[in-house]
Amino acid sequence: MTENMETRAPAAAGPPGPLPRAITEAAVVFLATLVFFRWTILHWNGFLDYDGHYHHVIAQWMLAQRAFWFDIPWLPFTVLGERGPDQHWLWHLLLVPFAYFADPDQGLIWAAACNGAATAAILAFVMRMLGIPAAPVFAVLAITAATVMPYRLMMLRAQNIAIVFMALSVWAIARRRHGTLGLLAFFFMQSYHGAIILAPIALIGCVLGSVHERRLVLTPLIAVAAGLLLALLVSPWYPGNFEYLFFHVLFKGSGTTSGGYHSSLVGSEWYPPGWRNVLLIAWPAHLTLAGALAALAWRMRGSKGVQPGPDTLLAVGVAALSLMLYLGSSRFAEYYVPFACLAAGLAARDAWTPVRRGRLRAAVLGAWALVAASVGLSSAIRVVVPADYLASIGTRLAEISRPGEVVFNSSWTDFPALLWRADGLRYVNGLDGHYLAYRDPARFEFWISLGAGTVEDPAYAIDAVFGARFAVVSRGHPALAGQLRASERAVLLLESRDGWLFEIRPSGTR
């Protein structure tokens with residue numbers, strides 16, 4: 001009897017985990033993670049960055065205008081233009097309930113905490129539905145098994161919703177729910193242009209399906225392509241959203257600019273981390289996956305009936321894809337760590353022996369979970385930007401400006417912080433420096449030269465080229481600030497630790 005139990009087919013051949021249990025576990029994981037995330041953010045004296053402020057402002061505008069669709073109006077010289085496409089539309093719509101908070105800061109904090117907690121909950125749900133033993137434990141590892149986790153998940157960014165859709169799509173491919181897969185692709189593209197990552201994931205599913213069934217299998221790829229294309233076609237921003245998708249994926253991703261300044265036009269998260277950093281940052285995730293695969297290989301060596309399930313191979317393929325992306329850009333650690341742990345959980349499921357050494361196995365898994373999770377938990381409290389960054393300048397702008405006026409901002413990174421305080425104005429560049437470089441290379445060259453302090457009469461250029469009445473100069477551009485101080489056409493309105501605010505007088509005035 002024992003021998004038969006030892007050599008039976010892996011758990012992948014059985015039915016998925018029961019839905020009620022999966023929902024209950026997901027709810028518990030959500031509440032526990034929410035409490036931890038909210039407690040952690042409470043102890044921050046600032047924010048990891050200001051991208052979340054931009055997303056929350058959009059949710060506030062959607063609520064204030066009762067607008068189901070919202071055009072981006074704040075960066076008229078960039079690829080977004082006067083009425084730009086919202087590449088995060090559906091995700092922003094989901095954030096609208098947090099815009100009801102009377103205190104915007106609290107709304108932002110709760111949105112960030114819930115956004116991260118929902119990611120952990122969906123991972124737990126998918127893991128249970130795939131039959132992973134101790135699914136909540138592997139879900140916790142998925143958000144803690146690296147020094148960049150979980151604090152990256154507490155940033156209000158669309159990477160969280162991407163993890164959600166990717167995990168659900170892996171489940172849909174594994175269970176051959178191709179109609180569901182198409183819907184997931186549709187909603188993913190409506191939430192974030194990063195949805196194109198489903199194409200290589202579906203291709204992995206096609207390759208594995210073709211090998212398993214010994215025939216050409218293209219259904220997953222067709223379902224994903226149909227969902228993505230339909231989402232673009234039914235968008236109110238069609239056909240402009242196709243251009244924006246090209247810009248976002250190819251132009252920005254390739255680092256192409258008219259002047260070769262690409263290293264300064266994106267955040268440091270887009271830089272390659274290098275093998276050494278990948279190993280050091282995510283070593284708990286690497287060891288979790290390697291240990292589970294080694295255990296499965298050992299079981300396969302001793303029992304001919306034990307084989308990795310098709311969903312295990314799919315998850316390993318997605319983890320490998322995420323690792324390649326991670327090596328190209330630090331930000332993709334947020335994809336690699338969860339899917340390494342998902343693949344590890346599936347490998348552990350296939351290697352799981354229902355009779356022998358159950359308590360020992362549980363004890364080893366629990367001990368390892370404590371060690372691995374402590375790596376991410378100990379790195380959770382980090383602050384990059386003070387809570388009041390550019391607050392005095394943004395507040396002053398909101399007080400003295402007229403709606404729709406243009407503000408010259410010498411640093412593209414200052415845009416979200418300024419928008420948080422003065423969202424009735426328009427700005428020269430923001431989100432990434434590439435936004436201006438793509439749409440208007442000539443203005444981009446002026447913008448770069450102004451920041452470097454190489455334009456002879458910057459006040460004239462700011463007025464003539466950008467039509468800006470105000471200029472916000474960051475601390476990183478002291479030469480420009482000095483030029484404007486000496487100019488008869490520029491009036492220093494405010495100086496703070498974060499920069500300078502100037503008013504630019506029209507031509508012919510002194």
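The values are calculated or read from the model by the stated rules, or taken from the named source; none is laboratory data. Note that the structure is a prediction, hence the values are computed from the model and not measured. So basically every Cβ, Gly included, is an ideal-geometry build from the backbone, and we count neighbours across all protein chains shown. The accessibility values were calculated without ligands, DNA or RNA, using every heavy atom of the protein model including side chains. Shrake-Rupley method; radii C 1.70, N 1.55, O 1.52, S 1.80 Å.
Could you please let me know if THR180 is closer than 26 Å to THR24 by Cα, out of contact with any Lys or Arg (no Cβ under 8 Å at 6 or more places or on another chain), polar (S, T, N, Q) and open to solvent by 20 Å² or more (accessible area, probe 1.4 Å)? The answer is yes for THR180. Cβ contacts < 6 Å: first residue open to solvent by 70 Å² or more (accessible area, probe 1.4 Å), restricted to segment 256-275; second residue in a loop (DSSP other than H, G, I, E, B) and at pLDDT below 75, any location; separation 6+ or different chain. Result? Matching pairs, first to second residue: HIS262/GLY255. Counting only helices (runs of 4 or more DSSP H) that fall entirely inside segment 96-195 and contain at least 3 residues that are within 24 Å of HIS56 (Cα to Cα), the qualifying elements are 104-129, 159-174, 178-191. Filtering segment 183-204 to residues that are open to solvent by 10 Å² or more (accessible area, probe 1.4 Å) and small (Gly, Ala, Ser) leaves GLY194, ALA199.
Answer yes or no: is there a residue in segment 167-184 that is in contact with a Cys (Cβ under 7 Å, 6 or more places away or on another chain) and not aromatic (Phe, Trp, Tyr). Quick ask: steps written out before the conclusion?
Filtering segment 167-184 for residues in contact with a Cys (Cβ under 7 Å, 6 or more places away or on another chain) gives none.
No, there is no match, as no residue in segment 167-184 is in contact with a Cys (Cβ under 7 Å, 6 or more places away or on another chain) and not aromatic (Phe, Trp, Tyr).
Residues satisfying the criterion are absent from segment 93-100 (criterion: out of contact with any strand residue (DSSP E or B) (no Cβ under 8 Å at 6 or more places or on another chain), open to solvent by 10 Å² or more (accessible area, probe 1.4 Å), under 30 Å from PHE466 (Cβ atoms) and in contact (Cβ under 8 Å) with a residue 40 or more places away in the chain). When you scan segment 475-494, do you find a residue that is modelled with pLDDT of 95 or more, closer than 25 Å to LEU48 by Cα and buried (at least 24 other Cβ atoms within 10 Å of the Cβ), even just one? No, because not a single residue in segment 475-494 is modelled with pLDDT of 95 or more, closer than 25 Å to LEU48 by Cα and buried (at least 24 other Cβ atoms within 10 Å of the Cβ).
Of the numbered criteria (1) modelled with pLDDT under 85; (2) buried (at least 20 other Cβ atoms within 10 Å of the Cβ); (3) basic (Lys, Arg), the one ARG356 fails is (2). Restrict the check to segment 390-400 and report whether at least one residue is touching a residue at least 60 places away in the same chain (Cβ under 8 Å) and within 25 Å of VAL266 (Cβ to Cβ). Looking for residues that are touching a residue at least 60 places away in the same chain (Cβ under 8 Å) and within 25 Å of VAL266 (Cβ to Cβ), one finds at least one in segment 390-400, hence yes.
In the set GLY499, GLY433, GLY451, only one residue is modelled with pLDDT of 95 or more and in contact with a His (Cβ under 9 Å, 6 or more places away or on another chain); that residue is GLY499.
Scanning segment 307-356 for residues being of a type in the set (Val, Ile, Thr) and either free of Cβ contacts under 8 Å to residues at least 24 places away in the same chain or farther than 24 Å from SER210 by Cα (or both) gives a total of 3.
Every residue, every condition in (1) surrounded by 19 or more Cβ atoms within 10 Å (Cβ to Cβ); (2) at negative phi; (3) touching a Pro at 6+ places or on another chain (Cβ under 8 Å), yes or no:
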{"residue": "GLU399", "(1), (2), (3)": "no, yes, no"}
{"residue": "ARG402", "(1), (2), (3)": "no, yes, no"}
{"residue": "PRO416", "(1), (2), (3)": "yes, yes, no"}
{"residue": "GLY424", "(1), (2), (3)": "no, yes, yes"}
{"residue": "ASN429", "(1), (2), (3)": "yes, yes, no"}
{"residue": "ARG443", "(1), (2), (3)": "no, yes, no"}
{"residue": "ILE448", "(1), (2), (3)": "yes, yes, no"}
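Only residues that are in a helix (DSSP H, G or I), farther than 16 Å from ARG361 by Cα and open to solvent by 30 Å² or more (accessible area, probe 1.4 Å) were counted in segment 291-320, giving 8.
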